[in-house]
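J.: This structure is in structure tokens; I'll ask about it shortly.
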Amino acid sequence: MASPNGLQPTAALAERVLLPGDPGRALMLAESLLDGAKMFNHNRGLWGYTGLAPDGEPLTIQSTGMGGPSAAIVIHELIDLGARRLMRVGTCGALREGLAVGDLVIVTEAVAADGTSRALGAGERVPASRELLAAVVAAAEPPFPQEHAVHSGPIVTTDLFYDERGLEPSWARAGALAVEMEAATLFALAGARGAQAATLLVVSDIVLPERIRIGQEELRAAERRMGKTALRALTAEGAVAQP
């Protein structure tokens, strides 16, 4: 195995990994979910941490940066280093009525409207791993009630955050609940390399019919709900206590 390029590990890697895009979110999740967290990576500003989850087993939280190309480097190297269950925990923009800021979206499949997943061999749509997806669905159900709605369905992965092409209505008509920038890359790369992958997102923006942005305090609260739900899914017994 070649030496990692994007990552320079300074602590052990767990076989289960949460993947926020934002390094600040990685720090926040490490502080709220891990006991005895140690910095796993700080190279290129992609902060990562490993510690013990509430079930007593190791968990790594590693930021991927923004977009498919950065995520592909991080995910490739994590799998090389031994990661086997990877879950993106990020944000998205809602495309359909019925989704509100602060809601969670469980991604069943990603419409590959990006270049990275296509370069990795993805077709028009690339699915989440069946077993890990089922675990996320179970983790979001009672007896762990959410303060906001939880939705499940396809999303679109794109390369552009500031996108002036006007494609959002066509994505919505194709059944996509939301749009984001990394899930298709994760699914394509994990599928090709024998790892399990899933994605859980917070609705941070309403894109259609007009853009609405979540408040910062509400976003932080939603990120914590997302992190706890994702951790339950990655926990073997699925029994992380509610606060």
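The values are calculated or read from the model by the stated rules, or taken from the named source; none is laboratory data. As the structure is a computational prediction, the values presented were derived from the model and not from experiment. Please note: Cβ atoms are built from the backbone with ideal geometry, for glycine as well, and neighbour counts cover all protein chains shown. Keep in mind that these areas ignore ligands, DNA and RNA; they rest on the heavy atoms of the full protein, side chains included. Shrake-Rupley method; radii C 1.70, N 1.55, O 1.52, S 1.80 Å.
J.: Scan region 192-211 residue by residue and report those that are at pLDDT 95 or above, among the aliphatic types (A, V, I, L, M) and either more than 17 Å from V137 (Cβ to Cβ) or assigned to a helix (DSSP H, G or I) (or both).
T.: Answer for region 192-211, where residues must be at pLDDT 95 or above, among the aliphatic types (A, V, I, L, M) and either more than 17 Å from V137 (Cβ to Cβ) or assigned to a helix (DSSP H, G or I) (or both): A192, A195, V203, I206.
J.: Return the residue satisfying two criteria in turn: it lies in region 145-155 and is open to solvent by 30 Å² or more (accessible area, probe 1.4 Å) and in contact (Cβ under 8 Å) with a residue 12 or more places away in the chain, and of such residues it is farthest from the chain's Cα centre (by Cα).
T.: Here is the first cut: in region 145-155, the residues open to solvent by 30 Å² or more (accessible area, probe 1.4 Å) are 145-152.
Cutting the leftovers down to in contact (Cβ under 8 Å) with a residue 12 or more places away in the chain gives us 146-152.
Numbers: Q146: 18, E147: 20, H148: 18, A149: 18, V150: 15, H151: 15, S152: 14 Å.
This residue is E147.
J.: Can you tell me how many residues in region 11-32 are in contact with a strand residue (DSSP E or B) (Cβ under 6 Å, 6 or more places away or on another chain), free of Cβ contacts under 8 Å to residues at least 40 places away in the same chain and surrounded by fewer than 23 Cβ atoms within 10 Å (Cβ to Cβ)? Step through it out loud before you land on a result.
T.: Start the filter on region 11-32 by keeping residues that are in contact with a strand residue (DSSP E or B) (Cβ under 6 Å, 6 or more places away or on another chain), which leaves 11-14, 16-21, 26, 29-30.
If we keep only those that are free of Cβ contacts under 8 Å to residues at least 40 places away in the same chain too, we end up with 11, 26, 30.
Cutting the leftovers down to surrounded by fewer than 23 Cβ atoms within 10 Å (Cβ to Cβ) gives us 11.
Qualifying residue count, region 11-32: 1.
J.: A further question on this structure: Residues of region 100-112 being open to solvent by less than 10 Å² (accessible area, probe 1.4 Å) and among the β-branched types (V, I, T), which ones?
T.: V105, I106, V107
J.: Another question, if that's okay. Could you tell me which residue of region 156-179 is nearest to G65 (Cα to Cα), considering only residues that are open to solvent by 10 Å² or more (accessible area, probe 1.4 Å) and not in a loop (DSSP other than H, G, I, E, B)?
T.: Going through region 156-179, the residues open to solvent by 10 Å² or more (accessible area, probe 1.4 Å) turn out to be 159-175, 177, 179.
Next cut, not in a loop (DSSP other than H, G, I, E, B) only: 168-173, 179.
Values: E168: 23, P169: 27, S170: 27, W171: 24, A172: 26, R173: 29, V179: 17 Å.
Top of the filtered list is V179.
J.: So is E97 outside any helix (DSSP H, G or I), open to solvent by 10 Å² or more (accessible area, probe 1.4 Å), out of contact with any helix residue (DSSP H, G or I) (no Cβ under 7 Å at 6 or more places or on another chain) and not β-branched (V, I, T) or not?
T.: Details: outside any helix (DSSP H, G or I): yes; open to solvent by 10 Å² or more (accessible area, probe 1.4 Å): yes; out of contact with any helix residue (DSSP H, G or I) (no Cβ under 7 Å at 6 or more places or on another chain): yes; not β-branched (V, I, T): yes.
Taking the combined requirement at face value, the residue satisfies it.
J.: In addition: Could you please let me know if A37 is surrounded by 14 or more Cβ atoms within 10 Å (Cβ to Cβ), outside any helix (DSSP H, G or I) and modelled with pLDDT of 95 or more?
T.: yes
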